[in-house]
Amino acid sequence: MLKSMRHGTELGGRWILIAAFVALLLLMLVAGYDSLSAQQRVQAEIAKLRAQRRARVAAVIVIRRSTWLYSREVERLSAYREPAGAPPAISSVKRFSLDVDAALTRYPPPSSGEEDALLVRLRSELGEHRRTIDSGQCPSAASLAELTSTVERLQELDSRMTEDADTRLTQQLSQLQQRGTTFLLFSLGAGLLIALGSLAYILRLEANARIHLEQILRHRSELQELSARLVEAQEQERRSLSRELHDEVGQSLGALLVDAGRLASLLPSGEDNMRPLLNGIRERAEQLLREVRDISLLLRPSMLDDLGLIPALEWLARETSRQGGPEVEVIEENVSENLDEDYRTCVFRLVQEALRNASRHSGARSVIVAVRQREGRIFVEVRDGGKGFDPSRMRGMGLLGMEERVQRFGGTLHIDSRPGGGTTVIADLPLR
Amino acid sequence: MPQSIRILLADDHTVIRTGLRLVLEQEQGFTVVGEAADGRQAVGLAASLNPDVVVLDIGMPNLNGIEAARQIHAQSETIAIVILSMHSDEGYILRALRAGAKGYLLKDSAETDLIRAVRAVREGKSFFSPAVGKVLLEDYMRKLERTGAEDSYELLSPREREVLQLVAEGKSNKEVAEVLHVSPYTVETHRARIMEKLNLKGLPELILFAVRKGIIS
């Protein structure tokens, strides 16, 4: 229950993180698109304003110039006093005023009410002048001054408009910058939050993984401990059973035999009908004794304790061939006579299992068992020339048990076999 | 009247000890001079009582029968030793012989063969339960059959076989020489040849071989 809940929150954390990542990515996409389009917009604006300004400036220059030329001509005409040469013709004045007209038409369409009003006024003033000229009069100095001042105001307005546009552009740019900065800061903040969240998540996962790993390791070592204790307990049980059988049952049967023998010898010669009965009892007791001894040996060979490892292995070898198994040769090198009891048992059981496998499955006619002791290690080798098998596919309980025993001593078990190539079991045990 | 045979009996089971004691004491000229319940006690009693024959059970606490035999034999070579055992395996028999035992009795036939065994070892002869010889022979024959090896007994000359039997029965080179009317030196030569032909190391292995072949029992 607890486990599934913890699992649930782990999953939840993952989904939250994924959603946050996606959101951040979307935010960055939107921000990028937005700033790009804003930039484009501002650029277009700048281009437009520049073109307008250029057109206005050019028009204003032409207007001023033509106005100045016109007013100079008007002044010349009005300042004329006879007889100072040929008087300027009214027609040339008119021509200059038409130049001003032409210049006015080049002015781009007005973009504000003030501009429009100025232009209208300029046109109407010019129209007034034209009507005066057409009537053969010379426009008054006052109206000329009026015209010039209107042109000047237009120029002022123009430069003011340019300034305004500049200010507006600067504002827009700074707005753009601000927006970019805001986005950047926001993204950074969000990214930082997500990174912190991820870090916390990873740390928690790591902590969980460590706890799980520790649990697994602990379970594994507990399992190993358990199976080692199992092997030990089994060995202990077998030994006590074997001793019990041998000492109690066996000895009682032995005593029974001795008594029966004495009874037979005490029997008067006349009692011939009792003798077969007595012999029957003795034979049955003898057979029983042999069976008890065999079971006891099967459980725990007493020679392992009485005589040592090598004699016990030699007995095992003979016993194997007595029961119809292969002929077994035991080779011994340097094996110490007072080897620790644990090691004697371990090596004996290893060889017993290997011989059992060889008898049952290999079909080998002969097996070689070699036990060598050197440099603080015991090497056990059981080699048969039988059918062999594929060790990667077959791993019976017997082999597992062998491995278990060897690992208890920190040793290694190696099984070398292939179909048709015989089997060699090699164990390498470090001595304590 | 011949001097009685003084016997020390060692077995950790009182029932068996009592039974065997009764069997032995029924026999004319046999005296059980002491009983030991373990190997260490047996070694001590052998030293203090100096019996003619010690009957030792193999499976005893503290010190097993074979170790006890080795120590008793080291103390005095005149004490003859009979081993009582549950096992008719040559590992036990060979080690019993190496420890200095002259007789090897299986417990399931002890009550019938014990008298004969004690008498035989007292006279310096070897004694083995008939069942022991049978098991050893079976093992030997099966091994010959399986490995296809030759029975090395066939390699011996008739004279060598005679020497083998006499030596295995427990006779010294001098006694063998007297029986065969040859010099002890000749007997020694025969013995060396026998050991070489049969690939044997020491007297215990030679006796074991003889038991196996049924030459002695």
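The values are calculated or read from the model by the stated rules, or taken from the named source; none is laboratory data. Nothing here was measured: the structure is a model prediction, and the numbers come from that model. Backbone-built Cβ (ideal geometry, glycine too); neighbour counts: all protein chains shown.
Only one of B:V121, B:V163 is farther than 30 Å from B:Q26 by Cβ, at pLDDT 85 or above and buried (at least 23 other Cβ atoms within 10 Å of the Cβ); which? Checking each option against the conditions leaves just B:V163.
Rundown of residues vs (1) within 14 Å of chain A (Cβ to nearest Cβ); (2) surrounded by 17 or more Cβ atoms within 10 Å (Cβ to Cβ); (3) in a helix (DSSP H, G or I); (4) at pLDDT below 85, yes/no style:
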{"position": "B:V135", "(1), (2), (3), (4)": "yes, yes, yes, yes"}
{"position": "B:E138", "(1), (2), (3), (4)": "yes, no, yes, yes"}
{"position": "B:R146", "(1), (2), (3), (4)": "yes, no, yes, yes"}
{"position": "B:E154", "(1), (2), (3), (4)": "no, no, yes, yes"}
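Scan the stretch A:296-312 residue by residue and report those that are buried (at least 21 other Cβ atoms within 10 Å of the Cβ) and more than 9 Å from chain B (Cβ to nearest Cβ). If the condition is that a residue be buried (at least 21 other Cβ atoms within 10 Å of the Cβ) and more than 9 Å from chain B (Cβ to nearest Cβ), then A:R300, A:P301, A:L304, A:L309 are the ones that fit.
Taking the condition of being of a type outside the set (D, E, K, R) and exposed (fewer than 14 other Cβ atoms within 10 Å of the Cβ), how many residues in the stretch A:31-56 meet it? The number of residues fulfilling the criteria is 10. Against the test of being in contact (Cβ under 8 Å) with a residue 24 or more places away in the chain, more than 11 Å from chain B (Cβ to nearest Cβ) and either out of contact with any helix residue (DSSP H, G or I) (no Cβ under 8 Å at 6 or more places or on another chain) or loosely packed, with under 14 Cβ neighbours inside 10 Å (or both), the options A:S336, A:S240 yield a single qualifying residue, A:S336. Given the condition more than 14 Å from chain B (Cβ to nearest Cβ), surrounded by 13 or more Cβ atoms within 10 Å (Cβ to Cβ), more than 47 Å from the chain's Cα centre (by Cα) and not β-branched (V, I, T), answer yes or no: does some residue in the stretch A:422-430 qualify? No: the stretch A:422-430 contains no residue that is more than 14 Å from chain B (Cβ to nearest Cβ), surrounded by 13 or more Cβ atoms within 10 Å (Cβ to Cβ), more than 47 Å from the chain's Cα centre (by Cα) and not β-branched (V, I, T). Which ones in the stretch B:1-31 are in a strand (DSSP E or B) and either surrounded by 19 or more Cβ atoms within 10 Å (Cβ to Cβ) or within 12 Å of chain A (Cβ to nearest Cβ) (or both)? The answer is B:I5, B:I7, B:L8, B:L9, B:A10, B:F30. Among residues of the stretch A:397-412 being in contact (Cβ under 8 Å) with a residue 60 or more places away in the chain and not β-branched (V, I, T), the one that is surrounded by the fewest Cβ atoms within 10 Å (Cβ to Cβ) is A:Q407.
Every residue, every condition in (1) surrounded by 13 or more Cβ atoms within 10 Å (Cβ to Cβ); (2) modelled with pLDDT under 90, yes or no:
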position	(1), (2)
A:T181	no, yes
A:G191	yes, yes
A:Y201	yes, yes
A:N208	yes, no
A:L213	no, no
A:R218	no, no
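Results for (1) free of Cβ contacts under 8 Å to residues at least 12 places away in the same chain; (2) among the hydrophobic types (A, V, I, L, M, F, W, C); (3) outside any helix (DSSP H, G or I), shown as yes or no for each residue.
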| residue | (1), (2), (3) |
| --- | --- |
| A:L213 | yes, yes, no |
| A:R218 | yes, no, no |
| A:E232 | yes, no, no |
| A:H246 | no, no, no |
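When B:V32, B:V43, B:V23, B:V15 are screened for being of a type in the set (V, I, T), touching a residue at least 40 places away in the same chain (Cβ under 8 Å) and touching a helix residue (DSSP H, G or I) at 6+ places or on another chain (Cβ under 7 Å), only B:V23 passes.
When each of A:T424, A:T412 is tested for being under 23 Å from A:E222 (Cα atoms) and among the polar types (S, T, N, Q), the lone residue that passes is A:T412.
Select from the stretch A:258-280 the residues that are more than 8 Å from every other protein chain (Cβ to nearest Cβ) and either surrounded by 16 or more Cβ atoms within 10 Å (Cβ to Cβ) or not in a helix (DSSP H, G or I) (or both) and list them in ascending order. Across the stretch A:258-280, the qualifying residues are A:A264, A:L267, A:P268, A:S269, A:G270, A:E271, A:D272, A:N273, A:M274. A:G250 meets each of the listed conditions (1) touching an Asp or Glu at 6+ places or on another chain (Cβ under 8 Å); (2) at the interface with chain B (Cβ under 7 Å from one of its Cβ atoms) apart from (1). Quick check on the stretch A:313-329: of everything there that is buried (at least 20 other Cβ atoms within 10 Å of the Cβ) and not in a helix (DSSP H, G or I), which residue is nearest to the other protein chains (Cβ to nearest Cβ)? Result: A:P326.
B:P51 meets each of the listed conditions (1) more than 10 Å from chain A (Cβ to nearest Cβ); (2) assigned to a loop (DSSP other than H, G, I, E, B); (3) in contact with a strand residue (DSSP E or B) (Cβ under 7 Å, 6 or more places away or on another chain); (4) more than 20 Å from B:G100 (Cα to Cα) apart from (4). When we screen A:S66, A:S135, A:S91 for residues that are under 21 Å from A:E152 (Cβ atoms) and among the small types (G, A, S), the only hit is A:S66. Take A:S252 and decide whether it is outside any loop (DSSP other than H, G, I, E, B) and modelled with pLDDT under 80. No: the conditions fail for A:S252.
Annotation for the stretch A:284-293: at least one member residue is of a type in the set (G, A, S), part of a helix (DSSP H, G or I) and surrounded by 13 or more Cβ atoms within 10 Å (Cβ to Cβ). Here B:Q26, B:Q75, B:Q71 are screened, and the one residue that is at pLDDT below 90 and farther than 16 Å from B:V121 by Cα is B:Q26.
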